[in-house]
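The values are calculated or read from the model by the stated rules, or taken from the named source; none is laboratory data. Computed from a prediction, not measured in an experiment: that's the story for all the values here. Virtual Cβ from ideal backbone geometry, glycine too; neighbours counted across all protein chains shown.
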Amino acid sequence: MSDGAVMPRGNAVGEVTNNMVMRNSSSTDGRNRRAAETRRKVIDAAKAMIAETAVAPTVVGVAKRANVSVRSVFQHFRDVESLFVTVVESAEKDVVVPPATPSDLPLGERVESFARNMAQIYEQIVSYRVAAGQFVGHPALQARSQLIHGRLREAASRVFNREFGTLTLQAREELADAIAASLSLESWAALRRLQNLGFERAVATWQLTLRALLAHPVMPVAV
């Protein structure tokens, strides 16, 4: 048998094999795209529901809003807690952060800018903080709360570095604790949701609080 008689058969086998691989790859890609789209729809639906109600939605409610089956939701999230954590993570990525407050401005301007900046950030996620009350003690949410708390302390120390620089180490820690507690996400949720203050009035409250904290007599560094 000549080589010429063998080659077409070999090519045919190769073509069939390649076509099968391509079809399988295409099928897998299609399933992956559909799965990714379903996951996106579920997350978007949950985010919209939390933004509207400040309540963590049920899996049934999310499935209905996303127009998918309950089974599809559970294929991506093992329970409502894991869904909520994923939604919070997604929402945090959407947050628009205002320009940082320059540390060389006069104190009054720094106070006004810093309080307003933190308010603008928290206003975008306050509904998630209120909804998170349904999952008190969840490790992932506690970790995120501690992370936010730490970032606030760092930002305050940077913006008010001149004021912090005149203090003893203990006094700096106490002032940072006071600012972090007073301008926390929990504090913003209380002002906006529990006390029903408007945005500008809530910002003014924070600015007044921050001025009082920075003006409070504290122990300076020993000379």
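Details
- Restricting LEU197, LEU191, LEU208 to residues that are outside any helix (DSSP H, G or I) and either aliphatic (A, V, I, L, M) or closer than 17 Å to ARG116 by Cα (or both) narrows the list to LEU197.
- Residue, surrounded by the most Cβ atoms within 10 Å (Cβ to Cβ), within segment 52-74, restricted to residues that are in a loop (DSSP other than H, G, I, E, B) and polar (S, T, N, Q): THR58
- Verdict on ILE179 being closer than 23 Å to SER90 by Cα and touching a residue at least 24 places away in the same chain (Cβ under 8 Å): no
- Check on GLU154, surrounded by fewer than 16 Cβ atoms within 10 Å (Cβ to Cβ) and either touching a residue at least 12 places away in the same chain (Cβ under 8 Å) or closer than 16 Å to VAL111 by Cα (or both): yes
- Contacts under 6 angstrom Cβ, first residue in segment 186-206 being touching a residue at least 40 places away in the same chain (Cβ under 8 Å), partner surrounded by 21 or more Cβ atoms within 10 Å (Cβ to Cβ) and outside any helix (DSSP H, G or I), 6 or more apart: TRP206/LEU183
- Criterion violated by ARG129 - all others in (1) within 13 Å of the chain's Cα centre (by Cα); (2) under 21 Å from ARG211 (Cβ atoms) satisfied: (2)
- In the set LEU210, LEU194, LEU185, only one residue is over 18 Å from TYR128 (Cα atoms) and either touching a helix residue (DSSP H, G or I) at 6+ places or on another chain (Cβ under 7 Å) or assigned by TED's automatic domain parsing to the domain that holds PRO106 (or both); that residue is LEU210.
- Every listed requirement among (1) under 27 Å from HIS216 (Cβ atoms); (2) of a type in the set (Lys, Arg); (3) touching a residue at least 40 places away in the same chain (Cβ under 8 Å) is met by ARG129 save one, (1).
- Residue within segment 121-133 that is modelled with pLDDT under 95 and surrounded by fewer than 19 Cβ atoms within 10 Å (Cβ to Cβ) present: yes
- Residues of segment 90-118 satisfying the condition of being without any contact (Cβ under 8 Å) to a residue 60 or more places away in the chain, surrounded by 15 or more Cβ atoms within 10 Å (Cβ to Cβ) and of a type in the set (A, V, I, L, M, F, W, C): ALA91
- Here GLU81 clears all of (1) surrounded by 15 or more Cβ atoms within 10 Å (Cβ to Cβ); (2) outside any helix (DSSP H, G or I) except the condition numbered (2).
- Segment 132-141: number of residues that are within 13 Å of the chain's Cα centre (by Cα) and closer than 26 Å to ASN196 by Cα: 2
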